[in-house]
1. If I go through the stretch 68-100 residue by residue, how many of them are closer than 21 Å to ALA275 by Cα, surrounded by fewer than 20 Cβ atoms within 10 Å (Cβ to Cβ) and free of Cβ contacts under 8 Å to residues at least 40 places away in the same chain?
2. Within the stretch 54-67, track down each residue that is of a type in the set (A, V, I, L, M, F, W, C), surrounded by 13 or more Cβ atoms within 10 Å (Cβ to Cβ) and assigned to a loop (DSSP other than H, G, I, E, B).
3. Regarding PHE72, is this residue part of a helix (DSSP H, G or I) and more than 19 Å from the chain's Cα centre (by Cα)?
4. Kindly establish whether SER120 is in a loop (DSSP other than H, G, I, E, B) and either aliphatic (A, V, I, L, M) or touching a strand residue (DSSP E or B) at 6+ places or on another chain (Cβ under 8 Å) (or both).
5. Have a look at THR38, THR64, THR31, THR45 and point out the one that is out of contact with any strand residue (DSSP E or B) (no Cβ under 6 Å at 6 or more places or on another chain), β-branched (Val, Ile, Thr) and not assigned by TED's automatic domain parsing to the domain that holds ASP245.
6. Answer yes or no as to whether GLU156 is surrounded by fewer than 16 Cβ atoms within 10 Å (Cβ to Cβ), modelled with pLDDT of 90 or more and under 30 Å from SER106 (Cβ atoms).
7. Filter the stretch 17-33 down to the residues that are within 17 Å of ILE135 (Cβ to Cβ) and touching a Leu at 6+ places or on another chain (Cβ under 9 Å), then identify the one that is surrounded by the fewest Cβ atoms within 10 Å (Cβ to Cβ).
8. Which is under 17 Å from ILE277 (Cα atoms) and part of a strand (DSSP E or B), of THR31, THR8?
Amino acid sequence: MRPVKVITDSCSDLTPELMEKYNIDYAQMNTVFEGKTTPADLAWTREQAHAFYDLIRAGNRVTTTQVPVEEFQRVFRKYLDEGYDIVYVGCSSKQSGSVNTAEVLSRKLREEYPDASVYSVDSLHASTGEGVLAIEAAKAAAEGKTAAEVASFVKERRKYLNQFVTVHSLDALKRAGRVKASSAFFGNLMGVKPILIADADGEQTAIKKAKGRAGSFREIVALLKDTMTSPEEQTVYFSHSDCSDEEVETLKKMVLEETGCKDVYVGLIGPIIGASIGPDAVALFGFGREITYRVSEH
C-alpha cells in the first residue's frame, strides 16, 4: 500500500512546526498589494503579521489569489513521484476556487499516475478550521488508513467542527465578498460586534451580535461550550489577526475555564484569510454537535 501525504493550502494557517509534526505540506496562494504578487508563506513571525495588519489598519486593500494550477502541479507531482497517494484538504469552496482547481487536476493526475490515488476534499472551513481537518487527516494517514479512507474520514469529521468568530466589523469581509449576512449586521453601531460561523455548506455567515468587544468574547466562548462534546479530550484551536497579548491571554484563560478543554492552541490568522477578515478578529474551533445551520434555509 502506498503511503498517504496530506496537503493543504495557505488558508489553513498551519505553522511550519505543526506541518512538520504531522507530516503535512501545503500549496501556496498569493497576496496582491499595489500590483505586486507575493506568495502567502505561512512561516511568518508575529512581527511580520503585525506589519501586515497595520497595512490594512491604515486603509490599504490587500487582495488574494487562489492556488495557481502550476503550484498544485509542483506540490502534487513531487509526492506522486516519491510514491505517495495524496489527500488535499482545501479551503471551503464557498471561500476559494482552489479545491475545484485541485479536483480538475486530480482527475488528470489519476490518469497520468494510474497506480496512485489523488483526492481533493472540501474542508467546508477556512483558516485554522481547515488546518485542524488537515491535522485530523494526517493523524488518520499515520494510523495506516488508505487515501480513500482518509478522504472519507475528513468528509465525515468536517460536519462536527464548529467555528465561532468575532470581528470588529464585517466591512472587510463584505468588500471581499466572503460573508453572508443581512444589512443589519454591517457597521459598528454602538459597538455591536457580529458573531460568525461556518454553516453546513461551508458558507461564512453572521448569525448574531454581541455588545462590545468583551461581550463578543463571552459570546463565542459560550457558543463553543454549548456545542463541544468531550471537551476534556480536546485541544481548542484559537486563532487571531494580530490581537494584543492581553486580549489573547484573556480569551485563552476564558476558554480553558469555561469549556474544561484539555488545552488551547493559539495561532495567527495568516495573510490569505487576514486580507479578507481584517485585523483584530478572533476565531475558536472545537469538535462537537453536527453543524446543521444553512444560510440557504434562513
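1. 2
2. Initial filter on the stretch 54-67 (of a type in the set (A, V, I, L, M, F, W, C)): 55-56, 58, 62, 67.
Narrowing the set further to residues that are surrounded by 13 or more Cβ atoms within 10 Å (Cβ to Cβ) leaves 55-56, 62, 67.
VAL62, VAL67 - these are the residues of the stretch 54-67 that are of a type in the set (A, V, I, L, M, F, W, C), surrounded by 13 or more Cβ atoms within 10 Å (Cβ to Cβ) and assigned to a loop (DSSP other than H, G, I, E, B).
3. no
4. no
5. Just a single option satisfies the conditions, and that option is THR45.
6. Yes: the conditions hold for GLU156.
7. TYR22
8. Details: THR8 fails: under 17 Å from ILE277 (Cα atoms).
None of the others qualify; the one that does is THR31.
The values are calculated or read from the model by the stated rules, or taken from the named source; none is laboratory data. Because the structure is predicted, anything quoted here is derived from the model rather than measured. Glycine also receives a Cβ, built like all others from the backbone with ideal geometry; neighbour counts cover every protein chain displayed.
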